[in-house]
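Remarks on the structure that follows.
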């Protein structure tokens, strides 16, 4: 794991502990890496509520409330799905920060319209959701790590001003 990833996860967990706020995650292409990076930090049990790895569309619908129509119209890898993942997780957990990550980590599975490295992350802070669109490059592992770096940066920026 890159030092930059570890530094950001520690900063975010520390900020959440200081603010007495919680975080939950729903991940697809990162396969639990984001949650693992949080739980790597000592004391994270004070802020980390729960995590879902929602690889299948069925589970995105069942556990997060992603609309069937959204998945049919836009696909699992879309800003709309990432938004609904973060929203559904917020509604179900009440966590101060919720994250919904979906994308194509590769090496296969990409297309001209949705290439390998395309990732969307819905990030909810106190119910206010922003969707980050990323076009990451590299190996599967690098794409997953870069995704987590960008999500941690977004969370850090947003909770530091609250």
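None of the figures in this text is laboratory data; all of them are computed from the coordinates on show. Model, not experiment: these values are computed from the prediction. Note that we place each Cβ from the backbone using ideal geometry, even for glycine, and neighbour counts take in every protein chain shown.
Observations on the model:
- Antiparallel DSSP beta bridges within the range 3-160, percent to nearest 5: 60 percent
- The chain shape via C-alpha gyration tensor axes, a/c threshold 1.5: oblate
- Gyration tensor (alpha-carbon) shape descriptor, the range 1-63, a/c threshold 1.5: oblate
- Inter-label distance, nm, simple model (7 Å from Cα along the C-beta direction), residue 128/residue 140: 3.8 nm
- Using 0.36 nm per residue and subtracting the Cα-Cα separation, the extra length available between residue 73 and residue 39 on full extension is 8.8 nm.
- The chain: most fluctuating residue of 31, 75, 88 per GNM, C-alpha cutoff 10 Å: 75
- Förster-model FRET efficiency, 41 Å R0, residue 161 and residue 55, C-beta, rounded to 0.05: 0.80
- Relative contact order for the chain, counting Cα pairs under 8 Å that sit 6 or more residues apart, in percent: 24 percent
- Estimated FRET transfer efficiency (residue 91, residue 114; beta-carbon r; R0 22 Å; 0.05): 0.25
- For the pair residue 6 and residue 20 in one chain, pulling the backbone fully straight at 0.36 nm per residue adds 3.0 nm over the alpha carbon distance.
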